[in-house]
Amino acid sequence: MSAAFENGLDDEPEYRWPIPPPEGWTADDLDRIPGLPPHTELIDGSLVFVSPQTAFHMLCMRLLEYSFLSQVPDHMKVFREFTVRLDQRNRPEPDLLVVSAEAYTGLNQTWCKPEDVFLAVEVVSPDSRERDREVKPRKFAEAGVPHFWRVEKDEEKGLPVVYVYELDPATQSYGLTGIFHDRLKTTAPFDIEIDLTAVG
């Protein structure tokens, strides 16, 4: 259940990828397996590794994070690239989270609970389209996360387009409440306005 090192002929350590147990990995394993690449996620008991990110991805995250930090109310906190423990087999890592202030438990914290999350945000990357468009929204909705944003790139303008979703508690699924180009303005889960053209 753990990654192991094996000495080669030259006595240099050779990394061996962790071999999953028959029942798959658990949320707790994500903190125990040594040597995992940064931002490894757990989806349906499988480890998901992240490819190198584009400048667009980085700039979108920076714009949104700074906007959140300057506009969130006092009872909320902003987490960047932080996992949410949805259940024993799922611990995804959204690009950004807005959580309750009480969700922060200390400097050694590695995950938060879905009931503490107000908003999860994913900036779509080429290698994560299916996960960000289908898998993660479904799992966040089923776990009761009330708001989800998906950020895509407008290929013509090179600017972010933000798809804003809100949870329908009766169906435990998200409904699209807005698609924002150039400027985003909404009142849920808090009052916020973002100039999307400032991404560069």
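The values are calculated or read from the model by the stated rules, or taken from the named source; none is laboratory data. This one's a predicted model, so the numbers in the text were calculated from it and none came from an experiment. Cβ: placed from backbone, ideal geometry, glycine included. Neighbour counts: every protein chain shown. All accessible areas refer to the heavy atoms of the entire protein, side chains included, with ligands and DNA or RNA removed. Shrake-Rupley method; radii C 1.70, N 1.55, O 1.52, S 1.80 Å.
The set of residues in the range 110-157 that are part of a loop (DSSP other than H, G, I, E, B), in contact (Cβ under 8 Å) with a residue 60 or more places away in the chain and open to solvent by 30 Å² or more (accessible area, probe 1.4 Å) contains only Thr110. Just so you know, in the range 82-101 the residues that are farther than 18 Å from His147 by Cβ and not in a strand (DSSP E or B) include one that is most open to solvent (accessible area, probe 1.4 Å), and it is Arg89. The set of residues from the range 178-200 being part of a strand (DSSP E or B) and crowded, with 16+ Cβ neighbours inside 10 Å comprises Phe180, Leu184, Thr186, Ile192, Ile194. When residues in the range 158-177 are screened for being in a loop (DSSP other than H, G, I, E, B) and open to solvent by 40 Å² or more (accessible area, probe 1.4 Å), 4 of them pass.
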